[in-house]
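Here's the structure, in structure tokens; my notes come after.
The values are calculated or read from the model by the stated rules, or taken from the named source; none is laboratory data. Values in this document were obtained by computation on a predicted structure and should not be read as measured data. Here the Cβ is made from the backbone with ideal geometry for all residues, glycine too, and neighbour counts use every protein chain on show.
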Amino acid sequence: MLLDERQVNAFEHMRTNQNHIKREFDKRAKIHEFNIGDIVLKKYQQTSQMERQLHDKFSTNWLGPYIIKKKYGSGAYHLADMEGNEEREPINITHLRPFYS
């Protein structure tokens, strides 16, 4: 019985601590939301082993600029380059950053 009571107390303490951490994180977290027509940079992603070997620490990490053509509700965006050529696949918001000129 004493063991069950300690487990319940530990569980409640853990829950309140996690809620506190979440509130503190949410205060500082910046949520980026892009609109159609915004200019963004796309993260450089190596797809093959050869590209990984050629990419060194002085290579570029961001590609672009790109223009957002379509916006999906799940945090995905369809991009086009500055000439208007659209990308085949949509890209997640975690791989985008705003472009400042």
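The table for this structure:
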read-out: Subset of the range 70-87 (residues that are under 16 Å from K43 (Cα atoms) and part of a loop (DSSP other than H, G, I, E, B)); value: G75, E87
read-out: Candidate set from the range 49-101 (those that are within 15 Å of the chain's Cα centre (by Cα) and among the small types (G, A, S)); member that is surrounded by the fewest Cβ atoms within 10 Å (Cβ to Cβ); value: G73
read-out: Test: residue in the range 14-23 that is touching a residue at least 12 places away in the same chain (Cβ under 8 Å) and surrounded by 10 or more Cβ atoms within 10 Å (Cβ to Cβ); value: no
read-out: In the range 32-69, the residues that are outside any loop (DSSP other than H, G, I, E, B) and of a type in the set (D, E, K, R); value: K42, K43, E51, R52, K69
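Quick grid of which residues meet (1) among the small types (G, A, S); (2) on the phi > 0 side of the Ramachandran plot; (3) at pLDDT 90 or above:
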position: A10; (1), (2), (3): yes, no, yes
position: F25; (1), (2), (3): no, no, yes
position: A29; (1), (2), (3): yes, no, no
position: N35; (1), (2), (3): no, no, yes
position: R52; (1), (2), (3): no, no, no
position: H55; (1), (2), (3): no, no, no
position: M82; (1), (2), (3): no, no, yes
position: E86; (1), (2), (3): no, no, yes
position: S101; (1), (2), (3): yes, no, no
